[in-house]
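Notes follow the structure.
Throughout, read-outs are computed from the coordinates displayed, never taken from laboratory work. Please read these numbers as outputs of a predicted model, since none were measured by experiment. Here Cβ is always computed from backbone atoms with ideal geometry, including for glycine, and neighbour counts include all displayed protein chains.
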Amino acid sequence: MNYLGKVLFVLLFLSCEKDNDDSNIIPYANGTKSKVDGQVIEYGSNKPIPGAKVILQEGYISGSVLSGNSVWTAKDTFITDSDGKYQFEFFHKVDDSNRKELYAYEVYIEKDQYFPSLEKRAHKGMWTKNLNFVLDPYAWIKVHIKNVNPFDDRDLISTNSDGGGGEYYGKSVDVEEIHIGSGNQKAKLSWWITKNRIKEYKYDSLYLSAHDTLPYEINY
């Protein structure tokens, strides 16, 4: 791990950053155990997501704060119920200042047809309540690209979005692309056309429904 990576890792252990407000972080089991719960919902629809895999991971660093080695390992998993809810209760490891050992705990989410979440902190010796997650559902754009007014073999079109794109030369371009995006929200699709040394830029803002494929035509 490089220097910056070590600094960021240590900040996770030592910082006071919280993923929810103080009222949702309360003492638990006299500090001998930890608990975390929450709900996983879909972006845009706010529907609960059952069957999501919730991973509780343990982070460990030993040795000098900036020269030691750090490792994250999965400690437990939970599959969300019909309401998208999860819960962990676990014995956490205690920091040992003499041996320069530090521990931290995080939760993150994985689910088929959804983008994975970022990690959120579960506080040791506390009940971290309502540690909720919002997942972006997959969606797709099926782009049909066709040169309907060819000039010469140097005709060029380039397409781009957050989840795809390509570049094509010639008079007989007739291709399809699949772009992946986040559902229940808008995505920007843009393209550049060069013909007869004249360059033109175009774009469109498209609403993508969750788990659906939107057909789109670019005739140039």
### Task
Would you calculate the separation in nanometres between label points at Ile178 and Ala74, each defined as 7 Å from the Cα along the Cα-to-beta-carbon direction?
2.5
### Summary
Fraction of alpha-carbon pairs in the stretch 138-219 farther than 18 Å apart, rounded to whole percent, equals 39
#### Entry: Förster radius 35 Å - calculated FRET efficiency between Asn149 and Asn46, Cβ distance, rounded to 0.05
0.20
### Query
Kirkwood Rh over Cα pairs of the stretch 173-219 into Stokes-Einstein at 25 °C, 0.890 mPa s: D in µm²/s?
198
### Query
Rounded to the nearest 5, what is the percent of antiparallel bridges among the DSSP beta bridges in the chain?
85
### Query
Say the cut-off is 25 Å between C-alpha atoms; which of Lys75/Lys120; Lys75/Lys186; Lys35/Lys111 go over it?
Lys75/Lys186
### Task
Measure off 7 Å from each Cα along the Cα-to-Cβ vector at Lys202 and Lys171, then give the distance between these two points in nanometres to one decimal.
2.1
### Query
Taking Cα atoms, how many degrees apart are the long axis of helix 3-14 and the longest axis of the chain, rounded to 10 and kept between 0 and 90?
50
### Query
How big is the charge dipole of the stretch 138-219 about its Cα centre, in debye rounded to the nearest 20, if each Lys and Arg gets +1 on its Cβ and each Asp and Glu gets -1 on its Cβ?
260
### Task
Note the full-extension length gain between Glu110 and Ser158 as 0.36 nm times their separation in residues minus their Cα-Cα distance, in nm to one decimal.
14.0 nm
### Query
Around His144, with a cut-off of 13 angstrom between Cβ atoms, what is the net charge of the other residues, counting Lys and Arg +1 and Asp and Glu -1?
-2
### Query
Arranged by the count of other C-beta atoms within 10 angstrom, fewest first, what order do Trp72, Trp140 take?
Trp72, Trp140
### Message
Through the Karplus equation 6.51 cos²θ - 1.76 cosθ + 1.60, θ set to phi - 60°, convert the phi angles of the stretch 184-198 into ³J(HN,Hα) values in whole Hz; use x for Gly and Pro.
### Response
6, 7, 8, 10, 9, 10, 10, 8, 10, 10, 10, 9, 6, 6, 9
### Query
Any idea how far the Cα center of the stretch 104-131 sits from the one of the stretch 136-165, in Å?
37
### Query
Once phi is turned into θ = phi - 60°, what whole-Hz ³J(HN,Hα) does the Karplus curve with 6.51, -1.76 and 1.60 give for every residue of the stretch 104-114, x standing for Gly and Pro?
8, 9, 9, 10, 8, 10, 10, 7, 4, 6, 9
### Summary
Among Ile178, Ile49, Ile41, the residue with the largest mean-square fluctuation in a Gaussian network model of the chain built from Cα contacts under 10 Å is Ile178
### Query
Where Lys and Arg each count +1 and Asp and Glu each count -1, what net charge lies around Gly181 among other residues with Cβ under 15 Å from its Cβ?
-3
